Structures are given as structure tokens and as C-alpha cells.
Amino acid sequence: TDLDGDGDLDLVVGSESQGVVVYRNDGTPRAPAFVHDPAGLPFEAPFLATPAFADLDGDGDADVLTGDAGGGLLYFERR
């Protein structure tokens, strides 16, 4: 999903030990250059998280859903 709105896809990975890890694409759609973004997502995701992206509120951007090992669900609405 395009987290920073610059027109190219960024990489979001669920990690066993670090929650959700974000890599921003500082390149282009044809020549990606992924750079680790230590700020990550604007919420602290649990370990073993599996993020999914969908426009749940119909505003044109991808919102984030992730589950946790305890069966909980986290939702972040992008604005």
C-alpha cells in the first residue's frame, strides 16, 4: 500500500519479534528503493501481527487492520 501518498507502493511486514515493520519506497514504481522507516505505523502493533490494508471507510485511502496473538483486532483509520 502507498502509506505516504507519493504514488508508489511501500512495504509493510508483520514480524515475529518486532510487530509491524515499515519500509518506505524512496524510489519509483519501476525502480523501487526501500528504506526502513523506524517510525513505522502510527500505532504500536503487537508481535506476530499480520497487517492488512483496505479502504474500510470509503475515503479513498487504505486503512490498516491487524490481529494479535490473543485474538484481538486493531484498526487504524488513515485520514
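The values are calculated or read from the model by the stated rules, or taken from the named source; none is laboratory data. Fair warning: this is a prediction, and the values are worked out from it, not measured in the lab. Positions of Cβ are backbone-derived with ideal geometry, glycine not excepted, and every protein chain shown enters the neighbour counts.
When you go through 7, 71 one by one, which is the residue that is assigned to a loop (DSSP other than H, G, I, E, B), surrounded by fewer than 16 Cβ atoms within 10 Å (Cβ to Cβ) and free of Cβ contacts under 8 Å to residues at least 12 places away in the same chain? None of the other options fit; the residue is 71. For residue 66, which of the numbered conditions (1) among the polar types (S, T, N, Q); (2) loosely packed, with under 14 Cβ neighbours inside 10 Å; (3) within 14 Å of residue 1 (Cβ to Cβ) fails to hold? Among (1) among the polar types (S, T, N, Q); (2) loosely packed, with under 14 Cβ neighbours inside 10 Å; (3) within 14 Å of residue 1 (Cβ to Cβ), residue 66 violates only (2). Kindly indicate the residue of the stretch 23-55 that is at pLDDT 90 or above and of a type in the set (A, V, I, L, M) and also surrounded by the fewest Cβ atoms within 10 Å (Cβ to Cβ) among those meeting that condition. Per the stated criteria, the residue is 31.
Scan the stretch 56-63 and give yes if some residue there is without any contact (Cβ under 8 Å) to a residue 40 or more places away in the chain, within 15 Å of residue 14 (Cα to Cα) and surrounded by 13 or more Cβ atoms within 10 Å (Cβ to Cβ), otherwise no. No, every residue in the stretch 56-63 fails to be without any contact (Cβ under 8 Å) to a residue 40 or more places away in the chain, within 15 Å of residue 14 (Cα to Cα) and surrounded by 13 or more Cβ atoms within 10 Å (Cβ to Cβ).
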